[in-house]
Amino acid sequence: MEQLRAEIRRHDILYYVEARTEISDRQYDALMNDLKALEAKRPELVTGDSPTQRVAGEPVDGFVSVTHAEPMLSIDNTYNADDLREFDTRVRKALGKTMFHYLVDPKIDGVAISMRYEDGVLALAATRGDGRTGDDVTANVRAIRSVPLRLSGPGYPAVLEVRGEIYWPLAAFNAYNAKRAAEGLEAFANPRNAAAGTLKQLDASVVAERGLAFIAHGLGRMSQAAERAGEVMKRLSQQGIPVSPHMKVCDDLEQALEVIEWWLAMRAQARYETDGMVVKVDELALRDLLGATSKHPRWCIAFKYEAERAQTILRQVDCQVGRLGTITPVAHFDPVHLAGTTVTNASLHNFDQVKRLEVRVGDTVLVEKAGEIIPQVVGVVAAKRPAGARRIAQPRACPVCRGGLARDEGGVYLRCVNPECPAQIRQRLRFFAARNQMDIEHLGPAVIDQLVDRGLVEHFGDLYRLRKQDVAALERMGDKSADNLLAAIQASKSRGPARLLAGLGIRHVGGRAAEVLVSRCGGIDAIAAATVDELTETDEIGPVIAASVRQFFDSKAGKAAVRRLRDVGVKMGVAKRKAAGESPLAGMGVVVTGTLGTMSRKEAEDAIKAAGGRAISSVSNKTAFVVVGDSPGSKADKAAALGVETVDEREFIRRLGRKK
């Protein structure tokens, strides 16, 4: 079993560190399936650093704050070579005649992270936070395939802190955005912000699905002495930690400037976003000598590239209406080439932004790609404004249905308040039919547009009343295609209440929140009847989500949507549950920590679920009790601090209703 784990780790290093493969994806999957099968037979031999254990346990309730062993200070930056030369002068003055080198590597536009390895095993991963304390995101970082759970080979220190960036590779990010677009969802703005949001997900399976990656660029605390950072990074690469292949050691600043110029020409070929290069003193002892200010290390500086901009003429601004009624102004301009693509339009986000920019139709505008991905209008060349430039008026009515408008809670966005708006209907239907909701195959945007335009569908329930002759009459839709679509629509009736709840498009209620609510309440009707207080008693459901749920089910449109779906036979409940007396842990959130003598961790969690409870991975005020086994972790201490009940294995078995 351990040989199989080692073989899988070796292939992970080949793929994620050395960018090469020896086996196909199918062969890799076969190795992983073999390991899963072996571990299923011998669960007592499953180790925390096994390749199968990247995503383990239930979603967490929140993130615990941790203190960095060494502060994670931000790096001072500049946009010109003269500032780099001043930096070099300061360093040489401080070091006197001491010889030193510079280490130069790309500045990846990601999320700063610190990972602590103890005896070669990943023990902690934390965000930068305020530089001294950050959030413990270990469970999520474990789900990132390029992060080794155990270092390979000999020679690693007993304690090692690796600093680096979590990022979303451009190919994976673009593919994920294409998937969201196909599902009628708004695209993520840029990889960096999307990676940051992903890393703060409470469910590690979301992180695993999105395909984030890690790359190391520095060190924190290390129990083993070393002379030069570049040598350490090379050694870490050999032990399985991804390191930039573009990292260069330079004899002096002039060589560093040559590397910076080289990367400026090469960066478009990178598989991740970069916004500059970092110049660092390579010798670790000299870094200690140079020290740091309260904000920045004195031994490094970032040279940042100017974002690529272009001038073009704004020809038109129109408004798009989202599924929740949000009105978004969109700028259309003459084609312009940016970061390798031709751009003709960009979101202006909201009318407050239009006012801030003082932009008018006919203006020469400055366009850049935010993070080199999403085009945006960032300014106006006022000197080129023509006499006939036209102000952009904020609409007084919905541009599609002419219904009324209102500001959202924050007062920034305009919303169409007419739930029967055709634009909203289209977007809601796209969302409802998407894979993560009701998963209705063959019901794409083009089909939905025709159904709405012909008056065949106005509400979710109308989908289930469609007749074959109506569907077959649509463009590019024959008898066979009509049969396939109608069969897919009928099959979606049995998707279950969690998918249905997510598909209703309630603000703030995504797939995970829907699953939690259904698990707690049992079905759509029970959720619709629950009060805000009852909803917030559920783990992971805060007052904002609870209020949004309550508002939807209290609304005329929400009640009508549920009624129409029930009338056509869409299933809204779950399989009949055991009576309360037969479910000893009904509704309880239970945490297990430490090693149990009579069952594995997974067996304990399965037993909790079978008894009607929820096996959760972190302790909060909402936790019913904590099962404490041998060698418990910090969860036992946290339970004591919060006043949460703790029980031993014997009492746990009694509460499960089992015989001792």
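Quick check on SER244: is it crowded, with 18+ Cβ neighbours inside 10 Å and under 30 Å from PRO375 (Cα atoms)?
Taking the combined requirement at face value, the residue satisfies it.
Output the number of residues of region 563-600 satisfying the condition of being of a type outside the set (S, T, N, Q), surrounded by 14 or more Cβ atoms within 10 Å (Cβ to Cβ) and modelled with pLDDT under 80.
Within region 563-600, residues that are of a type outside the set (S, T, N, Q), surrounded by 14 or more Cβ atoms within 10 Å (Cβ to Cβ) and modelled with pLDDT under 80 number 3.
Would you check if THR138 is in contact with a Leu (Cβ under 8 Å, 6 or more places away or on another chain) and either within 22 Å of ALA204 (Cβ to Cβ) or assigned by TED's automatic domain parsing to the domain that holds VAL278 (or both)?
yes
Here is a check on your reading of the model: is ARG356 assigned to a loop (DSSP other than H, G, I, E, B) and either touching a strand residue (DSSP E or B) at 6+ places or on another chain (Cβ under 9 Å) or within 24 Å of LEU338 (Cβ to Cβ) (or both)?
No.
Can you confirm whether region 37-59 contains a residue that is out of contact with any strand residue (DSSP E or B) (no Cβ under 9 Å at 6 or more places or on another chain), modelled with pLDDT of 75 or more and at positive phi?
no
Grab the helices (runs of 4 or more DSSP H) fully contained in region 178-240, keeping just those with 2 or more residues being in contact with a strand residue (DSSP E or B) (Cβ under 9 Å, 6 or more places away or on another chain) and modelled with pLDDT of 85 or more.
Result: 191-199, 229-238.
Please enumerate the residues belonging to region 298-321 that are at pLDDT 90 or above and touching a helix residue (DSSP H, G or I) at 6+ places or on another chain (Cβ under 7 Å).
Answer for region 298-321, where residues must be at pLDDT 90 or above and touching a helix residue (DSSP H, G or I) at 6+ places or on another chain (Cβ under 7 Å): ARG298, TRP299, ILE301, PHE303, VAL321.
For every residue, the table says whether it meets (1) free of Cβ contacts under 8 Å to residues at least 12 places away in the same chain; (2) of a type in the set (Lys, Arg); (3) touching a strand residue (DSSP E or B) at 6+ places or on another chain (Cβ under 9 Å).
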position: VAL259; (1), (2), (3): no, no, yes
position: TRP262; (1), (2), (3): yes, no, yes
position: GLN269; (1), (2), (3): yes, no, no
position: VAL281; (1), (2), (3): no, no, yes
position: ALA302; (1), (2), (3): no, no, yes
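Would you mind telling me which numbered condition in (1) in contact with a Lys or Arg (Cβ under 8 Å, 6 or more places away or on another chain); (2) at pLDDT 90 or above; (3) surrounded by fewer than 19 Cβ atoms within 10 Å (Cβ to Cβ) ARG163 fails?
Failing condition for ARG163: (1).
For region 503-526, which positions are surrounded by 17 or more Cβ atoms within 10 Å (Cβ to Cβ) and more than 24 Å from SER617 (Cβ to Cβ)?
Matches in region 503-526: GLY503, LEU504, GLY505, ILE506, GLY523, ILE524, ALA526.
Scan the strands (runs of 3 or more DSSP E) fully inside region 62-125 and keep the ones with 2 or more residues being among the acidic types (Asp, Glu) and touching a residue at least 60 places away in the same chain (Cβ under 8 Å).
none
Give me the pairs: first residue in region 219-235 and closer than 21 Å to ARG128 by Cβ, second residue part of a helix (DSSP H, G or I), beta-carbon distance under 7 Å, and six or more apart or on different chains, which are they?
If the second residue must be part of a helix (DSSP H, G or I), the pairs left are LEU219/ALA229; LEU219/VAL232; ALA229/LEU284.
Here's a check for you: in region 441-477, which residue that is among the small types (Gly, Ala, Ser) and either assigned to a loop (DSSP other than H, G, I, E, B) or in the same structural domain as ARG323 (by TED's automatic domain parsing) (or both) is nearest to ARG564 (Cα to Cα)?
GLY455
Looking at LEU284 and the list (1) surrounded by fewer than 20 Cβ atoms within 10 Å (Cβ to Cβ); (2) over 17 Å from ALA216 (Cβ atoms), which single condition is not satisfied?
(2)
Find the residue count for region 453-494, including only residues that are over 33 Å from the mean Cα position of the chain (by Cα) and not charged (D, E, K, R).
Result for region 453-494: 17.
Please go through region 401-416 and give me each residue that is modelled with pLDDT under 90, more than 13 Å from CYS319 (Cβ to Cβ) and assigned to a loop (DSSP other than H, G, I, E, B), ordered by number.
Once the filter is applied, which keeps residues that are modelled with pLDDT under 90, more than 13 Å from CYS319 (Cβ to Cβ) and assigned to a loop (DSSP other than H, G, I, E, B), region 401-416 yields ASP408, GLU409, GLY410, GLY411, VAL412.
Filter region 303-351 down to residues that are surrounded by 19 or more Cβ atoms within 10 Å (Cβ to Cβ) and among the aromatic types (Phe, Trp, Tyr) and give me whichever is nearest to ASP408 (Cα to Cα).
PHE351
The values are calculated or read from the model by the stated rules, or taken from the named source; none is laboratory data. Since we're looking at a predicted model, the values are computed, not measured. Cβ sites come from the backbone with ideal geometry, for glycine too, and all protein chains shown count toward neighbours.
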